[in-house]
Amino acid sequence: MSAVERFRGKSFSFLKLGALFVATAVYIFVGSVPVSAASNSLGVTPRKDYTINPGGSISDTLYIDNLSKNSALTVSMRVVDFTAQGQTGSPSLLIAPNAPQEPYSLKPYLSLPSTVTIQPLASDYVPVSIKIPKNLGAGSHYSAVLYSANISGTAQQVTIAASAATLIFVTVPGKASELLNLVKYGAYVPATNNSAGSFKSLYISSQPQELAYVLNNQGNVAEDPSGSIVIKNEYGKVVTNISQANPNQNLALIGQTRLFETCIKTGQKQVTGGDGQVTIVQQCVSPNLSPGRYTAFLETLYGINGNTSQEITATTTFWYLPVWFMAVIAAIIVVIVAIIWIVIHILRKRQKHKKHSHHQSELGNK
């Protein structure tokens with residue numbers, strides 16, 4: 001089953017972003033996004049996924065919500081291509097006027113209005129249509145709808161950031177070129193604010209909480225692999241079974257080398273938003289592993305309808321040896337060495353005493 005089909009029929013939560021912009025130039029994507037002073041926000045559909053046969057078409061709507069209480073917004077929309085930022089799923093919108101069209105672009109096939117006006121605290125559904133040519137081969141095509149909003153009756157303008165753009169993916173089924181290569185797999189320490197994530201095989205100060213694998217997409221289909229990971233201890237006993245090796249159904253875009261992360265054990269926490277609304281989010285928690293060596297077996301599948309599913313398997317090993325455990329082992333080794341030394345010392349003393357007694361006995365006999 002394709003990534004697109006798993007998303008079809010699902011209702012997408014609307015991404016509501018409130019942004020207070022200052023007069024400056026912000027470089028987030030390929031090119032600069034001009035921002036001028038205004039306090040406005042839009043809610044938009046973050047993503048759309050479709051499966052369309054060659055020669056077929058689809059009509060749908062994009063949701064836009066004006067979260068401003070006082071100002072009507074005139075929203076301009078244009079279709080731009082995007083690439084991936086590094087190994088993450090963050091999109092880099094190609095917004096430069098002279099940006100070349102990407103081979104996988106939806107620009108030639110996607111139609112939508114150029115502007116729409118939305119009253120304060122109102123919303124609208126903007127029609128969008130996609131028509132795929134009959135001679136277009138199987139594979140993935142994707143672009144983004146970029147929104148910019150003008151306050152009605154003023155010259156102020158706000159350009160909405162990439163996270164508020166709508167990413168649109170289309171899969172054309174059939175015999176496509178699909179090839180994912182495994183680059184790396186192992187226990188993983190996620191990125192922090194000022195550093196990149198890293199693979200690690202020995203854990204001392206804390207337990208591993210994540211596993212990750214890196215795939216390079218050399219085909220012409222945006223792939224979302226699915227599968228599982230089984231973790232066994234050094235005795236071959238299963239300690240953890242991760243049923244979803246790609247829990248967020250992330251995509252490896254065409255030509256991208258993508259990092260996929262999954263928790264060894266998942267927990268929940270409550271997060272309070274700026275509006276006071278409490279939501280439950282998933283997070284990685286300590287898997288409560290015992291000290292020792294562990295082996296993690298990865299099995300994933302990928303492939304769109306019309307193609308044979310392909311499998312990726314891999315094995316990795318990591319050690320969890322906390323300081324207290326190594327201290328206990330060291331203490332045990334010291335005790336064992338001490339006992340051996342004492343035993344050897346006693347045996348040598350006894351042997352020396354025995355030799356001395358035997359020597360005295362021989363002198364007495366003479």
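The values are calculated or read from the model by the stated rules, or taken from the named source; none is laboratory data. What you see is a predicted model, and the numbers here were worked out from it, not measured in a lab. Using ideal geometry, Cβ is built from the backbone for each residue, glycine included, and neighbour counts are taken over all protein chains shown.
Annotations
- Within segment 21-49, if we keep just the residues that are surrounded by fewer than 20 Cβ atoms within 10 Å (Cβ to Cβ) and modelled with pLDDT of 80 or more, the residue that is nearest to V116 (Cα to Cα) turns out to be G43.
To keep it simple, each residue is scored yes or no on (1) more than 24 Å from E178 (Cα to Cα); (2) touching a Gly at 6+ places or on another chain (Cβ under 9 Å).
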| position | (1), (2) |
| --- | --- |
| T88 | no, no |
| P100 | yes, no |
| T117 | yes, no |
| L121 | yes, no |
| Y125 | yes, no |
| P133 | no, yes |
| H141 | no, no |
| S148 | yes, no |
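- Test: K175 is in contact (Cβ under 8 Å) with a residue 12 or more places away in the chain, in a loop (DSSP other than H, G, I, E, B) and not hydroxyl-bearing (S, T, Y): yes
- Considering segment 237-280, and only residues there that are free of Cβ contacts under 8 Å to residues at least 40 places away in the same chain and charged (D, E, K, R), the residue that is farthest from L180 (Cα to Cα) turns out to be D275.
- Residue match in segment 195-205 (condition: over 30 Å from L106 (Cα atoms), over 19 Å from the mean Cα position of the chain (by Cα) and polar (S, T, N, Q)): yes
- Test: I340 is in a strand (DSSP E or B) and free of Cβ contacts under 8 Å to residues at least 24 places away in the same chain: no
- Among residues of segment 245-296, those that are of a type in the set (D, E) and assigned to a loop (DSSP other than H, G, I, E, B), counted: 1
- Some residue of segment 144-163 being of a type outside the set (V, I, T), assigned to a loop (DSSP other than H, G, I, E, B) and at pLDDT 90 or above: no
- Residue among R258, R293 that alone is under 21 Å from the mean Cα position of the chain (by Cα), of a type in the set (K, R) and closer than 25 Å to Q207 by Cα: R258
- Filter pass, G219 being free of Cβ contacts under 8 Å to residues at least 40 places away in the same chain and either in contact with a Cys (Cβ under 7 Å, 6 or more places away or on another chain) or among the small types (G, A, S) (or both): no
- Qualifying residues in segment 91-130 (those that are small (G, A, S) and free of Cβ contacts under 8 Å to residues at least 40 places away in the same chain) - the one surrounded by the most Cβ atoms within 10 Å (Cβ to Cβ): S105
- Pick from segment 190-217, criterion within 18 Å of G89 (Cα to Cα) and at pLDDT 95 or above, ranking: surrounded by the fewest Cβ atoms within 10 Å (Cβ to Cβ): N216
Per-residue answers, yes or no, for (1) surrounded by fewer than 15 Cβ atoms within 10 Å (Cβ to Cβ); (2) more than 30 Å from F169 (Cα to Cα); (3) not charged (D, E, K, R); (4) not assigned by TED's automatic domain parsing to the domain that holds G197:
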site: C263; (1), (2), (3), (4): no, no, yes, no
site: G267; (1), (2), (3), (4): yes, yes, yes, no
site: I280; (1), (2), (3), (4): yes, no, yes, no
site: L298; (1), (2), (3), (4): no, no, yes, no
site: Y302; (1), (2), (3), (4): no, no, yes, no
site: N307; (1), (2), (3), (4): no, no, yes, no
site: T317; (1), (2), (3), (4): yes, yes, yes, no
site: V334; (1), (2), (3), (4): yes, yes, yes, yes
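- Tally of residues being within 23 Å of F169 (Cβ to Cβ), among the hydrophobic types (A, V, I, L, M, F, W, C) and part of a loop (DSSP other than H, G, I, E, B) across segment 114-133: 1
- Against the conditions (1) in contact (Cβ under 8 Å) with a residue 60 or more places away in the chain; (2) farther than 26 Å from S41 by Cα; (3) among the hydroxyl-bearing types (S, T, Y), Y63 satisfies every one except (2).
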